[in-house]
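The values are calculated or read from the model by the stated rules, or taken from the named source; none is laboratory data. Keep in mind that what you see is a predicted model, and the values were worked out from it rather than measured. Here the Cβ is made from the backbone with ideal geometry for all residues, glycine too, and neighbour counts use every protein chain on show. Remember, those area values only see protein heavy atoms, side chains included, never the ligands or the DNA or RNA. Shrake-Rupley method; radii C 1.70, N 1.55, O 1.52, S 1.80 Å.
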Amino acid sequence: MTETEKIEVRDVTRIERIGAHSHIRGLGLDDVLEARLVSQGMVGQKDARRAAGVVVQMVREGKIAGRCILLAGEPSTGKTAIAVGMAQALGTETPFTSMSGSEIYSLEMSKTEALSQALRKSIGVRIKEETEIIEGEVVEIQIERPATGTGQKMGKVTLKTTEMETNYDLGNKIIECFMKEKIQAGDVITIDKASGKVNKLGRSFTRARDYDATGAQTRFVQCPEGELQKRKEVVHTVTLHEIDVINSRTHGFLALFSGDTGEIKQEVRDQINNKVLEWREEGKAEINPGVLFIDEVHMLDIECFSFLNRALESDMAPVVVMATNRGITRIRGTNYRSPHGIPIDLLDRMIIIRTVAYLEKEVKEILKIRCEEEDCIMHPDALTILTRIATDTSLRYAIQLITTANLVCRRRKATEVNTEDVKKVYTLFLDENRSSKILKEYQDDYMFSEITEDLEQDPISGVKAKRRVEGRRRCPGHGALGTRILVFQQPPSTFS
């Protein structure tokens, strides 16, 4: 086969879209919860990552629930990245629900109902049950199909372990499962006797030297020992919200796939709570409190904060992690100001983790990781310029320039992004500072623009007032129309 005739084989078993935090694999901590400088996609923020590691350890033990943690820091300091790292560190067994503070303002359900569903999605229930299974290696499989193409299929399968070998007759349902799983001789399988579910564990080591086309993802396992029929404890992990939905209506399980769950009555939830607690007393189930992450928590209003105050005191409460980039600001729904826009009584229940601004060398390391994630080869000089742009503007803006610079690079048939590519996309796409500067310079050309200037003294009354210029659309052939308005800062009694 010549070079031109080579066939490109791509592994399409797992294709993922590149997201803002897809490069994060964990918190980057060692065994004693000490943060490494660069690890698992995380850079810097050693104190915050160490504190998050303690929270993860607390969640893994599953003994403490209803705790509240606040990630507070300036924009672009990695608050959401730490939350994603916590989710990766906890793994798939622990429920982790992520939501934004503005998601609760829905017309379909009340704010407290949306928060209740989010809280119950974050509490897992491990339900244990014993089932009879048949586990063995497939020696031979025969399936007889009707000549007409329609009708019942018949089949036989021979399964063996290290100690015994047995023949089984297959029904139509099991045959369909075998065909779906593509079971063939040499596979190690399990069959659930109650449900008829067939699970393929892998390929037997005795067939490892066969001349079959096996992919890189093929898993080889030992031939099972002992008897074919065994009793096995199966653990099903579900969330309280899934149990709520299934029990709230006749065809509730269908609502799990459609997402149209609607509001669930409190009576249903109370009955489910009692049942789950009963299962826990009998040893049939374990409650696994997870994590609820609420980003942009300052978007919640006073009603939501009051509801969370009460919900966190419940036994069925997960660990709630919140993130905000606000300073001292107004609590939504009131005229009162407080730190982070969160009521003082809720802040008193929180432990606060602070994130700090990244150093220049840490910004450079983050940009290098993002280049690897986005398959972008960048020249060291171009990376230095991109780091300078990130420190002068923002890290998010610099990260978005990576893909655009890579596209400009490919346009000129090159493989490595150089300084000219970065400079070109920097001139094509504006950052916030340059865009604001242009708006101030050409504000008369925009509709409904408004700029507040310094105080000036009114020549008639002598009272200081703000001079506000309202810019309106420039008419063709005419100058910009502007209105000068005086806003007095003293009450009307001044003129008496």
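Taken over segment 374-388, the criterion of being part of a strand (DSSP E or B) and either at positive phi or buried (at least 20 other Cβ atoms within 10 Å of the Cβ) (or both) is satisfied by 378 alone. Residues in segment 408-422 that are surrounded by fewer than 12 Cβ atoms within 10 Å (Cβ to Cβ) and touching a strand residue (DSSP E or B) at 6+ places or on another chain (Cβ under 8 Å): 415 only. Would you say residue 119 is open to solvent by less than 30 Å² (accessible area, probe 1.4 Å), at pLDDT 85 or above and part of a helix (DSSP H, G or I)? Yes: the conditions hold for residue 119. Take the residues in segment 24-59 that are open to solvent by 40 Å² or more (accessible area, probe 1.4 Å), within 14 Å of residue 81 (Cβ to Cβ) and in contact with a strand residue (DSSP E or B) (Cβ under 9 Å, 6 or more places away or on another chain), then tell me which one is modelled with the highest pLDDT. Only one residue fits best here, namely 46. Pairing each residue of segment 280-304 that is aromatic (Phe, Trp, Tyr) with any residue that is buried (at least 17 other Cβ atoms within 10 Å of the Cβ) and in a loop (DSSP other than H, G, I, E, B), provided the two are 6+ apart or on different chains, yields C-beta distances under 9 Å for 293/122.
Here the condition is being over 18 Å from residue 67 (Cα atoms), of a type outside the set (A, V, I, L, M, F, W, C) and at pLDDT 90 or above; of 343, 339, 380, it holds for 339 alone. Scanning for something acidic (Asp, Glu), in a helix (DSSP H, G or I) and more than 21 Å from the chain's Cα centre (by Cα), does segment 53-66 turn up at least one residue? Yes, segment 53-66 contains at least one residue that is acidic (Asp, Glu), in a helix (DSSP H, G or I) and more than 21 Å from the chain's Cα centre (by Cα). If the condition is being part of a loop (DSSP other than H, G, I, E, B), touching a residue at least 24 places away in the same chain (Cβ under 8 Å) and open to solvent by 40 Å² or more (accessible area, probe 1.4 Å), then segment 165-194 contributes 184, 193, 194. Looking at segment 78-94, can you tell me whether even one residue there is surrounded by fewer than 22 Cβ atoms within 10 Å (Cβ to Cβ), within 16 Å of residue 321 (Cα to Cα) and of a type in the set (D, E, K, R)? No, because not a single residue in segment 78-94 is surrounded by fewer than 22 Cβ atoms within 10 Å (Cβ to Cβ), within 16 Å of residue 321 (Cα to Cα) and of a type in the set (D, E, K, R).
Take the conditions (1) over 22 Å from residue 100 (Cα atoms); (2) open to solvent by 70 Å² or more (accessible area, probe 1.4 Å); (3) in contact with a strand residue (DSSP E or B) (Cβ under 7 Å, 6 or more places away or on another chain); residue 335 misses just one of them, which is (3). Entry remark, segment 89-133: residues being farther than 17 Å from residue 291 by Cα and touching a strand residue (DSSP E or B) at 6+ places or on another chain (Cβ under 8 Å) number 8 in total. Picking from residues in segment 347-373 that are open to solvent by 60 Å² or more (accessible area, probe 1.4 Å) and among the acidic types (Asp, Glu), the one that is farthest from residue 54 (Cα to Cα) is 372.
For segment 214-240, the candidate set comprises residues that are at pLDDT 80 or above and open to solvent by 100 Å² or more (accessible area, probe 1.4 Å); within that set, the residue that is farthest from residue 129 (Cα to Cα) is 222. Taking residue 128 as the residue in question, decide whether it is charged (D, E, K, R), open to solvent by 40 Å² or more (accessible area, probe 1.4 Å), touching a helix residue (DSSP H, G or I) at 6+ places or on another chain (Cβ under 7 Å) and touching a residue at least 40 places away in the same chain (Cβ under 8 Å). Here the answer is no, as residue 128 does not meet what is asked.
Applying the criterion of being of a type in the set (Val, Ile, Thr) and either more than 22 Å from residue 111 (Cα to Cα) or open to solvent by 40 Å² or more (accessible area, probe 1.4 Å) (or both) to the residues of segment 244-271, the residue that is modelled with the lowest pLDDT is 250. Checked against the criterion of being within 30 Å of residue 224 (Cα to Cα) and out of contact with any Gly (no Cβ under 9 Å at 6 or more places or on another chain), the candidates 112, 148, 92, 166 yield just one match: 92.
All of 157, 188, 139 fail the test of being over 28 Å from residue 235 (Cβ atoms) and touching a strand residue (DSSP E or B) at 6+ places or on another chain (Cβ under 8 Å), apart from 139. Taking the stated definitions as given, is residue 309 over 27 Å from the mean Cα position of the chain (by Cα) and open to solvent by 10 Å² or more (accessible area, probe 1.4 Å)? The answer is no for residue 309.
Whether any residue in segment 100-111 is small (Gly, Ala, Ser), surrounded by 16 or more Cβ atoms within 10 Å (Cβ to Cβ) and in a helix (DSSP H, G or I) is what I want to check.
From segment 100-111, those small (Gly, Ala, Ser) are 100-102, 106, 110; that's our starting set.
Next cut, surrounded by 16 or more Cβ atoms within 10 Å (Cβ to Cβ) only: 101.
The next check asks that each one be in a helix (DSSP H, G or I); those that pass are 101.
Yes, that holds for at least one residue.
Sub-6 Å Cβ pairs linking a first residue in segment 336-365 that is more than 25 Å from residue 43 (Cβ to Cβ) to a second residue that is in a helix (DSSP H, G or I), at least 6 apart or interchain, are 338/344; 341/298; 343/305; 346/305; 346/309, ordered by first then second residue. Select from segment 281-305 the residues that are open to solvent by less than 30 Å² (accessible area, probe 1.4 Å), assigned to a helix (DSSP H, G or I) and more than 13 Å from residue 115 (Cα to Cα) and list them in ascending order. Hit for segment 281-305 is 298, nothing else.
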